[in-house]
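Okay, structure first, notes after.
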Amino acid sequence: ELFFVKPTTLAGKRILVTAGPTREALDPVRYFSNYSSGKMGYAIAEEAKKRGALVTLVTGPTALNPPKGVEVIPIQSAEELYEAVTTRFDRVDAVIKSAAVADYQPEEVLSQKRKKQASKWSVPLKRTKDTLKELGKRKNKQLLVGFAAESEQLEHYAKDKLTRKNLDLIVANNITEVGAGFDLDTNVVSIYTKDGQEKQYPQQSKKEVAAHILDELEAYAQRRDK
Ligand code: CTP
Ligand code: CA
C-alpha cells in the first residue's frame with residue numbers, strides 16, 4: 001500500500017448505479033427479460049468505489065458477486081427499480097443508469113401458473129415507467145448518466161436520449177458491433193456530454209470502459225461547477 005497512491009477523486013460523493021436486466025412477471029413461474037449480464041454496471045460500481053465514492057448498486061438478477069463495500073439493493077421489475085431509484089434520488093450526487101430496463105410489462109400478472117391450452121398465447125403488454133426520464137424531470141444538482149443500446153443510427157438516437165431525458169452524459173453502444181453489448185466482457189462505446197463533447201473508444205474491457213465513463217463524468221462536473 002505504501003508504493004502507490006489511490007486516486008480518491010470521488011471521495012465523499014454518493015453515486016447510485018443501476019445494473020442488470022429487469023424481470024416482468026407473467027405468472028408465478030414465468031417472466032419477460034433481456035440478455036443483460038450486469039457486467040457493465042458492476043464494473044462502474046467497483047470503479048466508483050475504488051475512487052472513494054459511497055456507492056449504492058440497484059441491481060436486477062445477475063450471476064455476479066457485487067463489489068466489496070457497496071450497498072446492494074436487489075430489484076426484479078421495472079416498477080421495483082423505479083421505486084428503489086426515485087426514493088433515493090434526493091440523497092445522491094450522481095445516478096448512472098446502466099440497467100437494461102424492460103419497456104413493457106404484462107398488463108396483468110396471473111396468480112396461478114398458466115396451463116398449456118390453445119395453440120397460441122398472446123400476452124397484452126403495457127409500458128413500464130421510464131425511471132431515467134423521471135429523474136431528468138426531477139433533477140437539481142444531480143449528475144445523470146444514461147445508456148443507449150442501439151442497433152442503428154447510434155449517434156442520432158443517443159443524442160436524442162441525451163436531450164429528451166435531460167441527461168449530462170450518455171454512453172452509447174452499437175449492439176450489432178463485434179465485441180460490444182449484452183453479456184460480453186468487452187464493449188465498444190461512444191460518450192456524448194450535454195456540453196457537446198464526444199468521444200469514441202475502441203473495443204475495451206468493461207472495467208476499462210467503466211474508468212473512462214467516470215473520467216468523463218468527473219471532467220464534465222469540473223467544467224460545470226467552475
Ligand atoms: N431506462 C429507464 N427506464 C425505462 C427504460 C429505460 O430508466 N423504463 C433507462 C435505461 O436504464 C438507459 C436509458 O433509459 O439508461 C436508455 O434506455 P434505452 O432502452 O436505450 O432507451 P429507451 O428510452 O427505452 O428507448 P428505446 O428502447 O425505444 O430505444
Ligand atoms: Ca428501452
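The values are calculated or read from the model by the stated rules, or taken from the named source; none is laboratory data. Quick caveat, the model's predicted, so the values are computed rather than measured. With ideal geometry, Cβ positions are generated from the backbone for all residues, glycine too; neighbour counts draw on all protein chains shown. Ligands, DNA and RNA are excluded from the accessible area calculation, which covers all protein heavy atoms including side chains. Shrake-Rupley method; radii C 1.70, N 1.55, O 1.52, S 1.80 Å.
May I ask you to list the residues of the stretch 81-113 whose amide nitrogen lies under 14 Å from a point 7 Å from Cα along the Cα→beta-carbon direction of S33? Backbone N within reach: 100-102.
What does the charge count near T163 come to, summing +1 for each Lys or Arg and -1 for each Asp or Glu among other residues with Cβ under 15 Å from its Cβ?
+2
Here is the list for the stretch 116-215: trypsin sites (Lys or Arg not before Pro) lying in DSSP coil, each with at most 11 other C-beta atoms within 10 angstrom of its C-beta, are K116, K120, K141. When the C-alpha to C-alpha distance is required to be over 26 Å, the pairs from K126/K206; K50/K165; K159/K226 that qualify are K126/K206; K50/K165. Near G181, once Lys and Arg are set to +1 and Asp and Glu to -1 for all other residues with Cβ below 15 Å from its Cβ, the sum equals -3.
Compared with the alpha-carbon gap, the fully stretched path from D183 to E83 is longer by 33.4 nm at 0.36 nm per residue.
Among the chymotrypsin sites (Phe, Trp or Tyr not before Pro) in the stretch 121-199, those placed in a DSSP loop whose Cβ has at most 15 other Cβ atoms within 10 Å are W121.
For R91 and K207, what is the calculated FRET efficiency with R₀ set at 25 Å and r taken between the beta-carbons, to the nearest 0.05?
Efficiency, rounded to the nearest 0.05: 0.35.
Length gained on full extension, V109 to K159: 14.5 nm, using 0.36 nm per residue less the C-alpha separation.
Here the calculated FRET efficiency for L125 and A219, from their Cβ-Cβ distance with R0 = 45 Å, stands at 0.65, rounded to the nearest 0.05. Annotation: per residue accessible area for the chain equals 56 Å², rounded to a whole number [probe 1.4 Å, protein chains only].
Across the stretch 110-127, coupling constants 3J(HN,Hα) worked out from phi with the 6.51/-1.76/1.60 Karplus curve, θ = phi - 60°, read 5, 7, 10, 4, 6, 7, 5, 9, 5, 6, 10, 9, 9, 10, x, 10, 10, 5 Hz, and Gly and Pro carry x.
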